[in-house]
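K.L.:
Provided herewith is a single structure, encoded as structure tokens, for subsequent inquiry.
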Amino acid sequence: MENTAKIIPATERNLKNHISFSLTVKNALTFTYRALLKTIHNPETWMDITIMPIMFTLLFTYLFGGAIAGSIKAYLPTIIPGILIQTLVTSTGTAGTNLREDTDKSISNRFKSMPISRMAPLVGTLTADLVRYAVAGIIVFGMGYILGFRPAAGIGAVIVSILFMMIIAWCLSWLFSFLAMSVKSVTAASTTAMLIMFPLSFLSNAFVPTNTLPSALKFFANHINPVSYAVSAVRHILEKGTIDGNFWGALVAAAVILIIFVPLTYMTYKKKG
């Protein structure tokens, strides 16, 4: 007997127009693996989390340590958390640049034509950078240890500080990904990211006290800039081994960034191509 397949009319087919949560996670992990492979095969992309934190730590410590804190040893509890956040904030723009490169090369169009979660390329690419953030944290505290920094709260506080800053950096990466997808080129994406990164990093309490700033800038640095909350939280963790109001303030700011820029990034990504 000849077997024949029954053809179901398109109007009668029960087609799914959504992806399950488990498949979304699986797709995102696949894109995470892809992003990690790209990073491994492009060693120059590690310069911002390896060479730069070493250079900035040595530069700021030996140039400003004596002038600001009286000695290098006294300045280390101030500068190490500052270098940590500055390194991670600087590296958050990498994921957005990678997404923009995929869009400009029409690779993202191929992803959009596949039966996968539309959020997977975004989430996977940004999640892969968590490995970079962890490496950056280890290098910063390693340099601090070489220079003589010994956190009073011990190694546990160091681990908590790195994990905390990884969360903050991951949330900030959605902001920079949105900016990268909104501008016209990869070059413009990198330039725009730097224009935001520098005020966030340097107009804060990361490197120097904010007491001498003009009133408007001081208010921004102390009460608006999430970097100041994050740096203060890390310093408190390293010194006391506990969390304070700055910790929760930084997490609230990170949550607000997620709520605003996850949907904006997703919508902008869908329109590109």
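The values are calculated or read from the model by the stated rules, or taken from the named source; none is laboratory data. Computed from a prediction, not measured in an experiment: that's the story for all the values here. For neighbour counting, all protein chains shown are included, and Cβ atoms are generated from backbone atoms with ideal geometry for every residue, glycine included. Surface areas here come from the heavy atoms of the whole protein model, side chains and all, with no ligands, DNA or RNA. Shrake-Rupley method; radii C 1.70, N 1.55, O 1.52, S 1.80 Å.
K.L.:
Just to be sure I understand: with springs between alpha-carbon atoms less than 10 Å apart, which residue in GLY154, GLY124, GLY144 has the highest mean-square fluctuation in the Gaussian network model of the chain?
P.N.:
Result: GLY154 has the largest fluctuation of those listed.
K.L.:
Now for a different question. Rounded to the nearest 10 Å², what accessible area does ILE162 have for a 1.4 Å probe in the complete protein model?
P.N.:
20
K.L.:
Can I ask one more? Just check the stretch 127-167 against the gyration tensor rule for me: Cα atoms, a ≥ b ≥ c as the square roots of the eigenvalues, rounded for a/c under 1.5, and otherwise prolate or oblate depending on whether a/b exceeds b/c.
P.N.:
Oblate, because a/c is 1.5 or more while a/b does not exceed b/c.
K.L.:
Could you give me the ³J(HN,Hα) list for the stretch 22-37, computed from phi with Karplus coefficients 6.51, -1.76, 1.60 and θ = phi - 60°, whole Hz, x at Gly and Pro?
P.N.:
4, 5, 4, 4, 4, 4, 5, 5, 5, 6, 4, 4, 4, 5, 5, 4
K.L.:
If the only charges are +1 at each Lys and Arg Cβ and -1 at each Asp and Glu Cβ, what is the size of the charge dipole of the stretch 63-170 around the Cα centre, to the nearest 20 debye?
P.N.:
100
K.L.:
Could you give the angle, 0 to 90 degrees to the nearest 10, between helix 47-69's Cα long axis and the longest principal axis of the Cα atoms of the chain?
P.N.:
Helix 47-69 sits roughly 20 degrees off the main axis of the chain.
K.L.:
What does the net charge come to around GLY144 if you take all other residues with beta carbon closer than 15 Å to its beta carbon, with K and R at +1 and D and E at -1?
P.N.:
Residues near GLY144 contribute +2 overall.
K.L.:
Could you identify which residue out of LEU217, LEU203, LEU238 has the top mean-square fluctuation in a GNM of the chain using Cα springs shorter than 10 Å?
P.N.:
LEU217
K.L.:
Let me check I've understood the local charge: for LYS112, count other residues with C-beta under 12 angstrom from its C-beta, Lys and Arg +1, Asp and Glu -1. What total comes out?
P.N.:
Net charge in that neighbourhood comes out at +4.
K.L.:
With a 1.4 Å probe and every protein chain left in place, tell me how much accessible area HIS41 has, in Å² to the nearest 10.
P.N.:
Accessible area of HIS41: about 140 Å².
K.L.:
Sticking with this structure for a sec: How many angstrom separate the Cα center of the stretch 105-129 from the Cα center of the stretch 152-230?
P.N.:
That distance is 26 Å.
K.L.:
Same structure, new question: I'd like the carbon and sulfur percentage of the solvent accessible area for the chain, probe radius 1.4 Å, heavy atoms only, ligands and nucleic acids excluded.
P.N.:
The C+S portion of the solvent-accessible surface of the chain is 68 percent.
K.L.:
Dipole of the chain (Lys/Arg Cβ +1, Asp/Glu Cβ -1, origin at the Cα centre): which of GLY66, PRO115, THR265 lies farthest to the positive side?
P.N.:
Going by the Cα projections, it comes out as PRO115.
K.L.:
Is it possible to state the helix-based mean residue ellipticity at 222 nm for the chain, with each DSSP H run of 4+ residues giving -39500 (n - 2.57), the sum divided by total residues, to the nearest 500 deg cm²/dmol? What is it?
P.N.:
That calculation yields -25000 deg cm²/dmol at 222 nm.
K.L.:
Rolling a 1.4 angstrom probe over the protein heavy atoms, how many square angstrom per residue are accessible across the stretch 131-269?
P.N.:
46
K.L.:
Another question, then. For log10 I(q)/I(0) by the Debye sum over Cα atoms at q = 0.09 Å⁻¹, one of (1) -0.47; (2) -0.38; (3) -0.65 was computed from the structure I shared and the rest are decoys. Which label?
P.N.:
Read-out from the structure maps to (1).
K.L.:
Accessible surface of THR212 in the full protein assembly, 1.4 angstrom probe, to the nearest 10 Å²?
P.N.:
Only protein atoms counted, so the area is about 130 Å².
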